[in-house]
Amino acid sequence: MPAAPPKSRGKAAAGKSAAKPAAKRPAKIPSRRRAGNASGFTLAQARRESRAAKQNRAGTIFDRLHAAYPDSHCALDHRNPLELLVATILSAQCTDKRVNEVTPALFRRYPEAAAYAAAPLGELEEMVKSTGFFRNKAKSLQGLGRALVEKHGGEVPRTMDELRVLPGVGRKTANVVLGNAFQINEGVVVDTHVRRLSRRLGLSFEDDPEKVERDLMALLPRERWTLWSHLLIDHGRAICAARKPECARCELADLCPSAEI
Ligand code: SF4
């Protein structure tokens, strides 16, 4: 497959009607599934691709994205594991940008787990209101603070099993914290961008985020898992947007079975 040198982007039937004779047959609308790409690689072929070939393609995708986004990193501002855990809980159904607007004041007022544990619920709600779902999020933060104080001496634990049972924390949030606060590659964070790109690139054909994660983990060595997710998120934001992917200027077009060029 031809490999154009990547540029650094820095820091994304008609139905027949008997009553309407001589109607002109409409042109077929090209779907991503049919369109394939310049090298003729299709989603059907991606489904039949061997494990070794897919791993090889995933490695090339990783390298090109790394060249395009050399500064790729977690977009949530934080200075320690607790701040990242809190920011990730707030990022559910909210943009990272909005979370980063809210967290400086939040982190000043609640510098430790004990502060969240002791905070009045109404006060927490007011502080996180603009991130949406604020009642649930405030409740999670208070419960999180209490659980950390009662079970972990106020510290954020470093294992998936301990993290994912904390209030407001699921596998995705635990992966974010383990990978970015502790540099532990436990899994691949699968958010909406990662899921979309995985499917378009023919790396996973699953819908369930945990199954997508399993597929992605099988394609690259463990030490790449955290960055793998950041790179896919950056590319999803910059080029492979949900509604209008910019395939013509995508450095993955010759590797992508969904390329529309
Ligand atoms: S933008 Fe790139 S990754 Fe996304 S569908 Fe187009 S060619 Fe594939």
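The values are calculated or read from the model by the stated rules, or taken from the named source; none is laboratory data. All of these numbers come straight from a predicted model, not from anything done at the bench. All Cβ positions, glycine included, derive from the backbone under ideal geometry; neighbour counts span all protein chains shown. Only protein heavy atoms, including side chains, enter the accessible area calculation; ligands, DNA and RNA are left aside. Shrake-Rupley method; radii C 1.70, N 1.55, O 1.52, S 1.80 Å.
The table that follows gives values for the structure above.
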{"quantity": "Any hit, the stretch 40-62, residues being in contact with a Leu (Cβ under 6 Å, 6 or more places away or on another chain) and modelled with pLDDT under 95", "calculated": "no"}
{"quantity": "Enumeration of residues in the stretch 189-214 that are away from the ligand (no atom under 16 Å from the Cβ) and open to solvent by 40 Å² or more (accessible area, probe 1.4 Å)", "calculated": "206, 207, 208, 209, 210, 211, 214"}
{"quantity": "Subset of the stretch 39-74 (residues that are open to solvent by 20 Å² or more (accessible area, probe 1.4 Å), out of contact with any Gly (no Cβ under 8 Å at 6 or more places or on another chain) and either on the phi > 0 side of the Ramachandran plot or of a type in the set (Val, Ile, Thr) (or both))", "calculated": "40, 60"}
{"quantity": "Residue count, the stretch 227-258 (criterion: within 8 Å of the ligand (Cβ to nearest atom), within 18 Å of the chain's Cα centre (by Cα), outside any helix (DSSP H, G or I) and not aliphatic (A, V, I, L, M))", "calculated": "2"}
{"quantity": "Test: residue 221 is more than 7 Å from the ligand (Cβ to nearest atom) and open to solvent by less than 10 Å² (accessible area, probe 1.4 Å)", "calculated": "no"}
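Residues are listed down the side, and each one gets a yes or a no for (1) in a loop (DSSP other than H, G, I, E, B); (2) β-branched (Val, Ile, Thr); (3) within 20 Å of residue 156 (Cβ to Cβ):
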{"residue": "86", "(1), (2), (3)": "no, yes, yes"}
{"residue": "93", "(1), (2), (3)": "yes, no, no"}
{"residue": "99", "(1), (2), (3)": "no, yes, yes"}
{"residue": "103", "(1), (2), (3)": "no, yes, yes"}
{"residue": "107", "(1), (2), (3)": "no, no, yes"}
{"residue": "124", "(1), (2), (3)": "no, no, yes"}
{"residue": "129", "(1), (2), (3)": "no, no, no"}
